Amino acid sequence: MTNPIPTTPAPEPQAPEDDAGPACVMVFNASDPSGAGGLAADVTAIASVGAHALPVVTGAYARDTAEVMDHFSFDEDAIAEQARTILEDTPAQVFKVGFVGSPEAISTIAGIAADYSDVPLIAYMPNLAWWDESQIDLYLDAFRELMLPQTTVLVGNHSTLWRWLLPDWSSDRSPGARDIAKAASEMGVAYTLVTGIPCPDQFLENVLATPQTVLGTERCERFEAVFSGAGDTLSAALAALVASGSDLTAATTEALAYLDRCLDAGFRPGMGNVVPDRLFWAQPEGASDEELTPEEVQALQVLDMPAHDTKH
């Protein structure tokens, strides 16, 4: 049974009381040593938009900022023990599922979601082109059969979702967001957020859709840089905003705006791709472009703090 969906237009989890602290999002994802995606992206994005992450490690990547070399999956019992232990103590308002590494892990997480069927589940499907083809097929089949029936909102890039959900698409035109949402809905998904739909004049469109209608659309200019971790960042922010009580349409708009700011402030920590700056708001605005006054310099010296000259 699909996790709960109200008729208009979004999942509405039980928001915590004002004195109970921020809403909690349980995230199932892999550890990413580059900090670009995986649990690093989830935890930082969720905290940045005001919620609290309950991170469940499903495995670990061997990767740098340019590419994924390998992935090591956790045993499904270890995944279940992490999640069920904390859920007995701390309620989650939303589940967020990223790349979990194996069909066995998918089955385990789907079982947990079924046991907490009142908790909305937001699933992100990344590009798995780095992986072995036979492993990709097994993973996608298991995700389609076991996870999608539990999924409230599916998030993914247009080309990734097209290849996965509409492999026999034969029309001369590329499928639209509603076409993809219809394919997802046949497996139980009520809402689909399709990102990166190519548009004329170097624009990309991001569309929240059901098979019947488009609930929201945002258009943005294509960035010249290649990013790692954008999809995890967007889906984690969306999960946090829904958990905090925003309706799905408003949460999607805000999550996309947040991602745009993260990408605009992105930085290259290594020799590979650009990483979204999920804490862009913590950087002093214009700090590297303006000279400090003598009074500001003296104040920093008194506090024994170096002037912030980081530029992304």
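The values are calculated or read from the model by the stated rules, or taken from the named source; none is laboratory data. Quantities reported herein were computed from a predicted structural model and do not represent experimental measurements. Reconstructed Cβ throughout: ideal geometry from the backbone, glycine too, with neighbour counts over all protein chains shown. Heavy atoms of the whole protein, side chains included, go into the accessibility calculation; ligands, DNA and RNA do not. Shrake-Rupley method; radii C 1.70, N 1.55, O 1.52, S 1.80 Å.
Just so you know, in region 118-138 the residues that are small (G, A, S) and surrounded by fewer than 18 Cβ atoms within 10 Å (Cβ to Cβ) include one that is farthest from P103 (Cα to Cα), and it is A129.
One line per residue, one yes/no per condition, for (1) under 30 Å from E254 (Cβ atoms); (2) not polar (S, T, N, Q):
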| residue | (1), (2) |
| --- | --- |
| N29 | yes, no |
| S34 | yes, no |
| A40 | yes, yes |
| A66 | no, yes |
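With the structure loaded, tell me whether I106 is more than 19 Å from the chain's Cα centre (by Cα), at pLDDT 95 or above and open to solvent by less than 20 Å² (accessible area, probe 1.4 Å) or whether it fails that test. No: the conditions fail for I106. Contact map, region 60-89: residues that are in contact (Cβ under 8 Å) with a residue 24 or more places away in the chain paired with residues that are of a type in the set (F, W, Y), Cβ distance under 6 Å, separation 6+ or inter-chain. Pairs shown: A60/F72; V68/Y61; V68/W130; H71/Y61.
So which residues in region 35-64 are touching a strand residue (DSSP E or B) at 6+ places or on another chain (Cβ under 7 Å) and part of a helix (DSSP H, G or I), if there are any at all? Within region 35-64, G38, L39, D42, V43, I46, A47 qualify. Scoring D141 on the criteria (1) of a type outside the set (A, V, I, L, M); (2) within 26 Å of G111 (Cβ to Cβ); (3) open to solvent by 10 Å² or more (accessible area, probe 1.4 Å); (4) out of contact with any helix residue (DSSP H, G or I) (no Cβ under 8 Å at 6 or more places or on another chain) leaves a single failure, condition (4).
Of the residues that make up region 157-172, is at least one in a helix (DSSP H, G or I) and more than 24 Å from S228 (Cβ to Cβ)? Checked region 157-172: no residue is in a helix (DSSP H, G or I) and more than 24 Å from S228 (Cβ to Cβ).
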